[in-house]
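Worksheet: one structure, shown below.
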Amino acid sequence: MTSQSQGIQQLLQAEKRAKDKLEEAKKRKGKRLKQAKEEAMAETDRYRVQREKEFHVRQSKMMGSQSHLSDEIEEQTLEKIKELNRSYNGCVESVIKQLLSMVCDLKAGVHVNYRATN
């Protein structure tokens, strides 16, 4: 009987060691998964930061060129306004004279399309 109880004790101890090894393996697996998850998160963060930097560089290039175009258009517009003002100031007097002469110098006469009907 003693040998049976020793055999049972050995089996129980072996079972306990196996159970401990399984627990330890599960802990190592959980630790590896946690570490892999942290590494993946760090890698995605680095990638996101890199892509954001590239985006900001491209955005600043585009906005810089757009502001340059905006300045150029503004300059052209101001030049065109000055040119129109010079043209207006040069012609305003002669146009007013022509209008006044047409309004004030009336010539009475029959219109060419008028038909006398009897």
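The values are calculated or read from the model by the stated rules, or taken from the named source; none is laboratory data. As the structure is a prediction and not an experimental result, all values here were calculated from the model. Quick reminder, even Gly has a Cβ in these numbers, built from the backbone with ideal geometry, and neighbours come from all protein chains shown.
Miscellaneous remarks
- Output for segment 82-118, where each listed residue is among the hydrophobic types (A, V, I, L, M, F, W, C), more than 60 Å from the chain's Cα centre (by Cα) and either outside any helix (DSSP H, G or I) or surrounded by 10 or more Cβ atoms within 10 Å (Cβ to Cβ) (or both): Leu106, Ala108, Val110, Val112, Ala116
- Pairs with Cβ under 6 Å, 6+ apart, first in segment 46-63 and at pLDDT 85 or above, second part of a helix (DSSP H, G or I) and aliphatic (A, V, I, L, M): none
- Every residue from segment 1-24 that is surrounded by fewer than 10 Cβ atoms within 10 Å (Cβ to Cβ) and assigned to a helix (DSSP H, G or I): Thr2, Ser3, Gln4, Ser5
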